[in-house]
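Participant: My questions will all concern the structure given below.
Readers should treat all values here as calculations from the given coordinates under stated rules, not as data from a laboratory. Treat the numbers as computed from the prediction; the structure is a model and nothing was measured. A quick note on method: Cβ atoms are made from the backbone with ideal geometry, for glycine too, and the neighbour counts reach across all protein chains shown.
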Amino acid sequence: MAVCLLEKFYRHINETDRGTMRILGIDSSTPGCSVALLNNDTVVAERIADPRPSYSKYLLQMVDQVLTEGKSRLDDVDGFAVTIGPGSFTGLRIGVSLLKGFVLATEKPFVGINSLEALACTLDSPKHPICTALDARKSEVYAAVFESQKDGLRPLIKESALSPEALCEKIEAPTLFLGNGVERYREIFKEFLGVRFVEPKTQPRFSTAAGTALLASRQFDHQNHFDLNQLKINYIRKSEAELSLGG
């Protein structure tokens, strides 16, 4: 009953006071994790971690820095958004665990966002399709292809874990490539795709966490949750521990 009352209360807030909607976005799907605060579809603060140190030590500190810069407290946030995969198994667990703590502490709703779509959302209305590729190790990438439209991103190629060569076989037109999987396998993409391999001429306009929050803002009225059992990580493939156990 308490959950139902909370859901009705926050839906009312969303419908009547959208101008003050604050969403805290968290992305830990890659070593270069990020945190962003969105206010009324405007990114007011964000932080991106250096991928070299272990970011698990700094993620909570980054949240504090973003809230301070955005002149907000955790209780001021109206909802949370987190990338739920694919990506680093350890990183995703850290981000999701942090979000769970925030939801339990504040009783505010959350939205889970696909990591590859959040990354694609960081580019500003590209004319080419966007292939987001994250390093999945084992000579593979997590990848998907999206098309930018006025109402958002439309998936052209479904997310999967595959070799760079297998990904190249799916690319039929000039496509923008983005992500740390591109950094690792750039030479393979260039060799196999030629002019179909396109890299952005400018840096993404904001962090993946900001892309996560922006995507969540479009879904918040009808897809937000209070039940943490609804928060499922999308690993795509099994972890080493599961494979060793025969899971």
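Participant: For a paramagnetic label modelled at 7 Å from the Cα of Arg218 toward its Cβ, which residues of the stretch 57-83 fall within the zone defined by backbone nitrogen distances under 17 Å?
Facilitator: Within reach of a label on Arg218, which here means backbone N under 17 Å from a point 7 Å along Cα→Cβ, the stretch 57-83 contributes 81-83.
Participant: For the stretch 123-198, what is the number of Lys pairs with C-alpha distance below 23 angstrom, counting only pairs 8 or more positions apart or on separate chains?
Facilitator: 11
Participant: How high is the relative contact order of the stretch 123-198, in percent, with contacts defined as C-alpha pairs under 8 Å that are six or more residues apart?
Facilitator: Working: 134 pairs, mean separation 24.2, N = 76.
Relative contact order of the stretch 123-198: 32 percent.
Participant: Moving to a separate point now. For a Förster distance of 41 Å, can you work out the FRET efficiency between the beta-carbons of Asn40 and Glu191, rounded to the nearest 0.05?
Facilitator: On the way: r = 45 Å, r/R0 = 1.10.
The calculated FRET efficiency here is 0.35.
Participant: Where Lys and Arg each count +1 and Asp and Glu each count -1, what net charge lies around Cys131 among other residues with Cβ under 13 Å from its Cβ? Show your work: numbers first, answer last.
Facilitator: Numbers: positive: Lys158, Lys170, Arg186, Arg196; negative: Glu117, Glu147, Glu159, Glu169, Glu172, Glu199.
Charge balance in the 13 Å sphere: -2.
Participant: Something else now. So what J values fall out for the stretch 197-203 if you push phi through Karplus, 6.51 cos²θ - 1.76 cosθ + 1.60 with θ = phi - 60°, rounded to Hz, Gly and Pro as x?
Facilitator: So the Karplus estimates, Gly and Pro as x, are 8, 10, 10, x, 7, 10, 5 Hz.
Participant: Okay, moving on. Under a 10 Å cutoff between Cα atoms, tell me which one of Ser207, Ser148, Ser217 has the largest fluctuation in the Gaussian network model of the chain.
Facilitator: Ser148
Participant: Lys/Arg Cβ at +1, Asp/Glu Cβ at -1, dipole of the chain taken about the Cα centre: which of Ala166, Leu37, Gln223 is farthest positive-ward?
Facilitator: Ala166
Participant: If we count every other residue with Cβ under 11 angstrom of Tyr58's Cβ, Lys/Arg +1 and Asp/Glu -1, where does the sum land?
Facilitator: Values: positive: Arg47, Lys57; negative: Asp50, Asp64.
In short, 0.
Participant: Most fluctuating residue of Ile157, Ile23, Ile84 in a GNM of the chain with Cα springs under 10 Å: which is it?
Facilitator: Ile157
Participant: For the chain, what is the charge dipole size about the Cα centre, in debye to the nearest 20, if Lys and Arg each add +1 at the Cβ and Asp and Glu each add -1 at the Cβ?
Facilitator: Approximately 160 debye in magnitude.
Participant: Mind checking which of Ala144, Ala120, Ala105 has the largest fluctuation in a GNM of the chain, springs on alpha carbons under 10 Å?
Facilitator: Ala105
Participant: Taking the Cα centre of each part, how many Å lie between the stretch 40-111 and the stretch 140-182?
Facilitator: That distance is 26 Å.
Participant: Which distance in nm do the two modelled labels at Asp75 and Thr90 give, with both placed 7 Å along the Cα-to-Cβ direction?
Facilitator: Calculated label separation equals 3.6 nm.
Participant: If you don't mind, another one. R0 = 30 Å: FRET efficiency of Lys170 with Lys232, Cβ-based, nearest 0.05?
Facilitator: Details: r = 26 Å, r/R0 = 0.87.
Approximately 0.70, to the nearest 0.05.
Participant: How big is the C-alpha Rg of the stretch 123-198 next to the rule-of-thumb value 2.2 N^0.38 Å, as a ratio?
Facilitator: Values: Rg = 11.6 Å, N = 76, 2.2 N^0.38 = 11.4 Å.
This ratio for the stretch 123-198 stands at 1.01.
Participant: Shifting gears a bit: Give me Tyr235, Tyr142, Tyr185 ranked fewest to most by other Cβ atoms within 10 Å of their Cβ, as a rough exposure proxy.
Facilitator: Numbers: Tyr235 17, Tyr142 27, Tyr185 22.
Fewest-to-most ranking of Tyr235, Tyr142, Tyr185: Tyr235, Tyr185, Tyr142.
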